[in-house]
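Colleague: Quick one: the structure is below, and I'll ask about it shortly.
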Amino acid sequence: MATVTAAPRGATQTGSDLRTVQVRIKRFQPDTNDQPYWQEFTVQVEGKDRLLDALNKIKWQQDGTLTFRRSCAHGVCGSDAMRVNGRNRLACKLLMQDLGARITVEPMLGFPIIRDLVVDMDPFFAKYEKVKPYLINDEPAPHTERLQSPEQRARFDETTKCILCGACTGSCPSVWANSEWVGPASIVNAHRFIFDSRDRGAADRLNILSDRTGVWRCRTIFNCSEACPRGIHVTEAIEEVKRAIMYGSEE
Amino acid sequence: MYRGQSGQWSWLLHRITGLAILLFLLVHIVDITLLGFGPTIYNDAIAIFSTGIIRLVSTALIAALLYHSFNGIRIILIDFWPSGYKYQQQMFYIVLAASIIGFIPMAFYILAPIFGVCPAGACNTPAM
């Protein structure tokens, strides 16, 4: 029989949940080594810690040169997208208890690597700008707001959830093969305005997306839908844009 | 290496089988062109298709064709049927099952002559 002893006041409930994990990180430090290399860290974490906490522990206690992006740390800002055990994930949304004792962390594919897990997002945002991701409507503004029915709002609800982390774009073989391709995240954000009843720029956007670097390079591989930390059905959104171009209308 | 799910492997397999079928098409254009050089040359050339190794290659071609055709239907459904994307994984397993079911009798018909079995005159016909 196990004896139960009262925990001292102030002791954390999860104190017994400590575990040791090996975190293998693909590092790139261009000022000292022009080749990427692997480095392994052993770190003590709790099951309810997130991968981001483990990375912070490594950076703060073991190796201050480890470089990664994080900002809000709560799955909203989309800064810490990285490849974890081979799949794109947000480090702040992964619990250590779900990851096993050996974890591989790499920067995302399809982006130029700046340092360690930090990738260059500039081309990503340039492609995002290309699809005009803002409301276009030159009609005189009504006295109050531009009204929209719940059904009209629901039409593009899915794609309003995007946080521009790049997890989908970095998981897409078409992006790896052709860096010119606009990529899933841009199409998701084009979708958000193409199907918005208040917007008048759909024809313009569909025209941009119908050229060689537009939607047609999507080969329905579905890596993007699986990678999206917001659960957006990315491939569905791309298919809807494809059909809108093909049928010549948003309906 | 990215650890993709069935969608990534279905796409990769579609690519590889597509290129393999294209390669066969080139061979096929050459063997059909030989018809222009008279029946003897054509018959001698086409006899190669009855050899054991080419029968093995032919079964690989059958496997590639079956997968590529069924997965092509899956892709068409994803593209044109608005709910298609929801069932892409199930459809991939159906594609694999249909390919295997179609493959077994065809492979038997092509490979049996290697083992001296001649179903429905298979020994007298080149594999392709």
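The values are calculated or read from the model by the stated rules, or taken from the named source; none is laboratory data. What you see is a predicted model, and the numbers here were worked out from it, not measured in a lab. With ideal geometry, Cβ positions are generated from the backbone for all residues, glycine too; neighbour counts draw on all protein chains shown. Surface accessibility is based on the protein's heavy atoms, side chains included, excluding ligands, DNA and RNA. Shrake-Rupley method; radii C 1.70, N 1.55, O 1.52, S 1.80 Å.
Colleague: When you check B:Ile46 against the structure, is it more than 21 Å from B:Ala97 (Cα to Cα) and either more than 14 Å from every other protein chain (Cβ to nearest Cβ) or modelled with pLDDT of 95 or more (or both), yes or no?
Modeller: yes
Colleague: Which condition does B:Ile101 not pass, out of (1) surrounded by fewer than 18 Cβ atoms within 10 Å (Cβ to Cβ); (2) of a type in the set (A, V, I, L, M); (3) within 14 Å of chain A (Cβ to nearest Cβ), if it passes all the others?
Modeller: Unmet condition: (3).
Colleague: Next up: Report, by residue number, each residue of the stretch B:51-67 that is open to solvent by less than 50 Å² (accessible area, probe 1.4 Å) and closer than 21 Å to B:Ile29 by Cα.
Modeller: Listed by number, the residues that qualify are B:Ile54, B:Arg55, B:Ser58, B:Thr59, B:Leu61, B:Ile62, B:Ala63, B:Ala64, B:Leu66.
Colleague: Considering the stretch B:10-28 alone, what residues qualify as being in contact (Cβ under 8 Å) with a residue 40 or more places away in the chain, within 13 Å of chain A (Cβ to nearest Cβ) and of a type outside the set (A, V, I, L, M)?
Modeller: Across the stretch B:10-28, the qualifying residues are B:Ser10, B:His14, B:Gly18.
Colleague: Could you identify the single residue in A:Val23, A:Val43, A:Val84 that is without any contact (Cβ under 8 Å) to a residue 40 or more places away in the chain, farther than 17 Å from A:Cys165 by Cβ and among the aliphatic types (A, V, I, L, M)? Spell out the reasoning first.
Modeller: On the way: A:Val23 fails: without any contact (Cβ under 8 Å) to a residue 40 or more places away in the chain; A:Val84 fails: farther than 17 Å from A:Cys165 by Cβ.
Only one candidate qualifies: A:Val43.
Colleague: If you go through the stretch A:40-91, how many residues are part of a loop (DSSP other than H, G, I, E, B) and under 16 Å from A:Pro107 (Cα atoms)?
Modeller: 11
Colleague: Taking the stretch B:74-98 on its own, how many of its residues are within 13 Å of chain A (Cβ to nearest Cβ), open to solvent by 30 Å² or more (accessible area, probe 1.4 Å), out of contact with any Gly (no Cβ under 7 Å at 6 or more places or on another chain) and part of a helix (DSSP H, G or I)?
Modeller: Residues flagged as within 13 Å of chain A (Cβ to nearest Cβ), open to solvent by 30 Å² or more (accessible area, probe 1.4 Å), out of contact with any Gly (no Cβ under 7 Å at 6 or more places or on another chain) and part of a helix (DSSP H, G or I) within the stretch B:74-98 amount to 9.
Colleague: Now for a different question. Is it the case that some residue within the stretch B:43-50 is charged (D, E, K, R), open to solvent by 50 Å² or more (accessible area, probe 1.4 Å) and within 26 Å of B:Val27 (Cα to Cα)? Spell out the reasoning first.
Modeller: Keep residues of the stretch B:43-50 that are charged (D, E, K, R), which gives B:44.
The next check asks that each one be open to solvent by 50 Å² or more (accessible area, probe 1.4 Å); those that pass are B:44.
With the extra rule that they be within 26 Å of B:Val27 (Cα to Cα), the set shrinks to B:44.
The answer is yes, given that some residue of the stretch B:43-50 is charged (D, E, K, R), open to solvent by 50 Å² or more (accessible area, probe 1.4 Å) and within 26 Å of B:Val27 (Cα to Cα).
Colleague: Go through the stretch A:55-87 and give me each residue that's among the aliphatic types (A, V, I, L, M) and closer than 23 Å to B:Tyr2 by Cα. Before you say what the answer is, go through the steps one by one.
Modeller: Looking only at the stretch A:55-87, we keep the residues that are among the aliphatic types (A, V, I, L, M), and these are A:55, A:58, A:66, A:73, A:76, A:81-82, A:84.
Within the stretch A:55-87, A:Leu55, A:Leu66, A:Ala81, A:Met82, A:Val84 meet the criteria.
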